[in-house]
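**Q** Sharing a structure, written as structure tokens. Questions coming.
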Amino acid sequence: MADRVTVIGWDGSPPTAAARSALAAATLVAGAAHHLALPEVPPAAERIRLGSVTLAARRIAQHRGTAVVLADGDPGFFGVVRTLRAPEYGLEVEVVPAVSSVAAAFARAGMPWDDAQIVVAHSRDLRRAVNVCRAHPKVAVLTSPGAGPAELALLLDGVHRTFVICEDLGTARERVTVLTSDKVADHVWRDPNVVIVVGGSPSGAAAQGTGWLAGTPGGEAGHPTGPRGWGLPDRAYGGALGEGESVQLRTAQLARLGPRVGDLVWDIGSGGGAAAVEAARFGAAVIAVDADPDACARAAALARRHGVQLQAVHGRAPQILEELPEPDVVRIGAEGAEVVTACAARRPERIVTHAATRDQAEALGRALADGGYEVECALLQSVELDTSVWVERERSVVFLLSGYRVPHP
């Protein structure tokens, strides 16, 4: 195997003394074309054009001599170091870092980035990166061919954001462009690039600069100034909520949906917006749909109050669903079997809904089963007590139905 492997980060600056020393001793150098053209690369060294890092790692493992791998930015940050350190290659790796492309991009924009989400976008799963941009006010996206600024902007249709697009950072062709998301798809962009996507309403913690955990404005659910926990009482949402929005039902629904960063949640019949806001507090992107424009306005106002991103869509299901991007999980409020059928046709991983009667529950369960979902039903009974006199204040009985997508054989 290689006697030693040194991974050198390059950010366009002249190589450091440590980098020049490693290159001078190298008998094999791997990197992109612009790395291999650097004058510090020894003429006699074997050169490997770095395409597949896995293939390069295999070749380096077979090499007898001293190897150097050149990579853009900090090679330990979404870079080649992870692959080279895989146990199957048995390589001992030393790293000479450089400024990461993400740090350079935020420096060009003159913005802090300890509160930014950072994602890598690939064409095969670009929608997850888009969902993070929907859900968070500041996101750095490391793009790739087929998953660049134009594709990001197209999938963000209906959500206004500002793009800071950094092309060829550290090279003579470097260019930084600031555009609103509706203009980005009209241009052709060079790869590789970093896109900073900003917009929406930051939480109070972010605005005051009190964050302490990188990648988020702060602690609990990212928002230390908000209420702790989830399944919050009605008073956290401004008072009484509608039928089917009880704390106990909402808590059970969220537990079965399991919304997380990178997901898109549909909340159909969002009502007062409590479930939509709580899903957003988990870091998921949320589209709240309701036929009542006042309900949409309330959901948007609640999102601002709790410092989360949420898209409120006024429309009647199932017709309005055709215009929405693909969901990962779906919560359905007081809607009928036809809405369940329409949601099941979009093949989200999980669907939860509820019914007041057994007949309604059976109809919803059939719709889930016919759509290819394994169905679970629970009868939830909750009793709210007045603890001043320990008597019953309110009783609720509801059927909770959960659909889990059955994989195709």
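**Q** Test of understanding: what is the full-extension gain from ALA345 to ALA18, defined as 0.36 nm times their sequence separation minus their Cα-Cα distance?
**A** Stretched out fully, the ALA345 to ALA18 stretch lengthens by 111.9 nm.
**Q** Sticking with this one: Can you list the residues, at least 5 places off or on another chain, whose amide H is less than 5 Å from the amide H of GLU174, using H built in the peptide plane?
**A** Residues meeting the amide H criterion: none.
**Q** How many angstrom lie between the C-alpha centres of the stretch 165-198 and the stretch 89-153?
**A** Cα centroid of the stretch 165-198 versus Cα centroid of the stretch 89-153: 12 Å apart.
**Q** If the elastic network links every pair of Cα atoms under 10 Å, which of ASP328, ASP267, ASP292 fluctuates the most in the Gaussian network model of the chain?
**A** ASP292
**Q** How large is the translational diffusion coefficient of the stretch 30-102 in µm² per second when you combine the Kirkwood radius over alpha carbon pairs with Stokes-Einstein at 25 °C and 0.890 mPa s?
**A** 191
**Q** Let me ask something additional. Ignoring ligands, DNA and RNA, what percent of the accessible area of the stretch 1-78 is carbon or sulfur (1.4 Å)?
**A** After summing per-atom areas, the C and S share lands at 55 percent.
**Q** Any idea how far the Cα center of the stretch 288-312 sits from the one of the stretch 16-68, in Å?
**A** After rounding, the separation between the Cα centres reads 54 Å.
**Q** Once amide H atoms are built 1.01 Å from N in the peptide plane, which residues 5 or more positions from GLY272, or in another chain, come under 5 Å H to H?
**A** Those lying under 5 Å, H to H, from GLY272 are GLY242.
**Q** Moving on. Can you work out D for the chain in µm² s⁻¹ from Stokes-Einstein, where Rh is the Kirkwood radius over C-alpha pairs, the temperature is 4 °C and the viscosity is 1.567 mPa s?
**A** Taking Rh from Cα pairs, D becomes 54 µm²/s.
**Q** How far, in nm, would the chain grow between SER382 and GLU174 when pulled straight, counting 0.36 nm per residue and subtracting the alpha carbon separation?
**A** Working it through step by step, the gained length comes to 68.8 nm.
**Q** Something else about it: Ordered by residue, what ³J(HN,Hα) values in Hz, to whole numbers, does the stretch 267-277 give under the Karplus form 6.51 cos²θ - 1.76 cosθ + 1.60, where θ = phi - 60° and Gly and Pro are x?
**A** Using θ = phi - 60°, the values come out as 10, 8, x, 6, x, x, x, 5, 5, 4, 5 Hz.
**Q** Treat each spin label as a single point 7 Å out from the Cα along the C-beta direction, and report the GLN319 to ARG58 distance in nm.
**A** For the pair GLN319/ARG58, the computed spacing is 5.7 nm.
**Q** Moving on. What does the charge count near GLN117 come to, summing +1 for each Lys or Arg and -1 for each Asp or Glu among other residues with Cβ under 12 Å from its Cβ?
**A** Surrounding charge for GLN117 is +1.
**Q** Ok, one more. With every protein chain kept in place and ligands, DNA and RNA left out, what is the accessible area per residue of the chain? Probe 1.4 Å, answer in Å².
**A** 48
**Q** Any idea what % of Cα-Cα pairs in the stretch 23-153 are farther than 20 Å?
**A** Pairs farther apart than 20 Å: 54 percent.
**Q** Note down the nm distance, to one decimal, between modelled labels 7 Å out along Cα→Cβ at LEU36 and at ALA255.
**A** Simple spin-label model gives 5.8 nm for this pair.
The values are calculated or read from the model by the stated rules, or taken from the named source; none is laboratory data. This is a predicted model, so every value here is computed, not measured. Please note: Cβ atoms are built from the backbone with ideal geometry, for glycine as well, and neighbour counts cover all protein chains shown. Surface accessibility is based on the protein's heavy atoms, side chains included, excluding ligands, DNA and RNA. Shrake-Rupley method; radii C 1.70, N 1.55, O 1.52, S 1.80 Å.
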